[in-house]
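A quick write-up on the structure given underneath.
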Amino acid sequence: MKVIIKNWTGVATWKWIANDDNCGICRMPFDGCCPDCKLPGDDCPLVWGECSHCFHMHCIMKWLQSQQVNQQCPMCRQEWKFNNK
Amino acid sequence: MSLQIIINFTLTRIRANMSKGDENSYFYWDPLNDHEADSLTNTAMARIKKDLMTLYTDTPPGIFAVGDEKNLKFIYALIIGPMNTPYQGGFFYFVLKCPNDYPIQPPRMKLLTTDGGRVRFNPNLYETGKICVSILGTWTGPAWSPAQQISTWSPAQQISSLLLTIQSLLNEKPYYNEPGFDKEMVPGDSDRYNEIITYQTLRVAVCGMVENDCGLNIPESLQNIIKQSFLNFYEEYLLTIESKLHLSGTSVVDPFTSVAIKLDYAELRNRLVSIHSRLSASKSQEE
């Protein structure tokens, strides 16, 4: 039997590789977006701290902006530094 | 006057001034005097619902909480005094209000079991209902007691972890919750304080709450928990009162305020028994 493929549609899935299922700030799944966004993906990225904890970028930014002095990780209270690696 | 005494005296003065003076700090903590317009962020709405779900599905022992049906911002909580503490079996009723940007900022929280603003149940739980702990941002001094060391608010905290922190204030020796009181000022102070708290718990947080003699607006589901728990704990209450009957008519001086509190266990016993017979009669009628 010979099959001729006339056309095909590629489907891909993606997921964030984070060390937790949910964001520690909004408690929503990382595979979704933060509650202020509509679609998960590049518009609602995840960021990591040097302490290895991970959050929605929008969530951690709101927290850091509210802390004038001593910006700490919400989970472990170490000084917050973005892990740019 | 030793240095310790001077420090404690100063702390007491500072606290007295704070509770009287600064109007802003008054409104800062009080969920019932907060006039922030209701405009919760999307994150806040989603988080409050998640926090409530955690409370309903994974309820910490001795803690009950319900959301307000009309306003997501309000949460009503009941903490039952842990066993083997002077708070044993007492019903401590709290109102919480989440700010618009929750969980960036902590909720405001107030204790309403105060005998109408007359009883201070704990060095951290004022008679005004103010709760002085760093997790609520209402205590900014150094961390003294284990409860304070859990430290300040972070968005990784949630309502159930906050309520657990408050529950931990209701411990075996609350005298030492007072900042700087890691040793007794006068030997026996801690026991005297426990004597007062035990009596006030039975009078205000048990009998007063079951009868709701201060007319608090308690959600029905929590009222039912209070009544049912009263029947469950009744024998324990009675045992405590009977072991203290010999103290009836005597007074104990509060080590913090120097006010003498009269222990009227004989009257309290009558009140407890009559509440019990009333409640069990209405319960058997329902069945």
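Observations on the model:
- Odd one out for A:Ala12 among (1) in contact with a helix residue (DSSP H, G or I) (Cβ under 7 Å, 6 or more places away or on another chain); (2) in a loop (DSSP other than H, G, I, E, B); (3) open to solvent by 20 Å² or more (accessible area, probe 1.4 Å): (1)
- If only residues of region A:15-26 that are in contact with a Cys (Cβ under 9 Å, 6 or more places away or on another chain) and away from chain B (no Cβ under 14 Å) are counted, the one that is surrounded by the fewest Cβ atoms within 10 Å (Cβ to Cβ) is A:Asn19.
- Selected residue (only one of A:Cys73, A:Cys34, A:Cys51, A:Cys59 is over 19 Å from B:Ala46 (Cα atoms), within 9 Å of chain B (Cβ to nearest Cβ) and in contact (Cβ under 8 Å) with a residue 24 or more places away in the chain): A:Cys73
- Set side by side, the residues A:Pro40, A:Pro45, A:Pro29 differ, and just one is surrounded by 10 or more Cβ atoms within 10 Å (Cβ to Cβ) and within 14 Å of chain B (Cβ to nearest Cβ), which is A:Pro29.
- All positions within region B:32-70 that are at pLDDT below 90 and either under 20 Å from B:Leu112 (Cα atoms) or part of a helix (DSSP H, G or I) (or both): B:Leu32, B:Asn33, B:Asp34, B:His35
- Count - residues of region A:5-53 that are closer than 27 Å to B:Met53 by Cβ and polar (S, T, N, Q): 2
- Of all residue pairs spaced 6 or more apart or on separate chains, those with beta-carbon atoms under 9 Å, a first member in region B:51-71 that is more than 14 Å from chain A (Cβ to nearest Cβ) and a second member that is of a type in the set (Gly, Ala, Ser) and open to solvent by 40 Å² or more (accessible area, probe 1.4 Å) are B:Phe64/B:Ser221; B:Val66/B:Ser221.
- Against the test of being at pLDDT 95 or above, closer than 30 Å to A:Trp80 by Cβ and away from chain A (no Cβ under 14 Å), the options B:Leu163, B:Leu222 yield a single qualifying residue, B:Leu163.
- B:Ser190 falls short of the stated requirement of being under 20 Å from B:Pro174 (Cβ atoms) and free of Cβ contacts under 8 Å to residues at least 12 places away in the same chain.
- For the residues B:Val252, B:Val204, the requirement of being at pLDDT 95 or above and farther than 15 Å from B:Phe91 by Cβ singles out B:Val252.
The values are calculated or read from the model by the stated rules, or taken from the named source; none is laboratory data. Keep in mind that what you see is a predicted model, and the values were worked out from it rather than measured. Quick reminder, even Gly has a Cβ in these numbers, built from the backbone with ideal geometry, and neighbours come from all protein chains shown. Heavy atoms of the whole protein, side chains included, go into the accessibility calculation; ligands, DNA and RNA do not. Shrake-Rupley method; radii C 1.70, N 1.55, O 1.52, S 1.80 Å.
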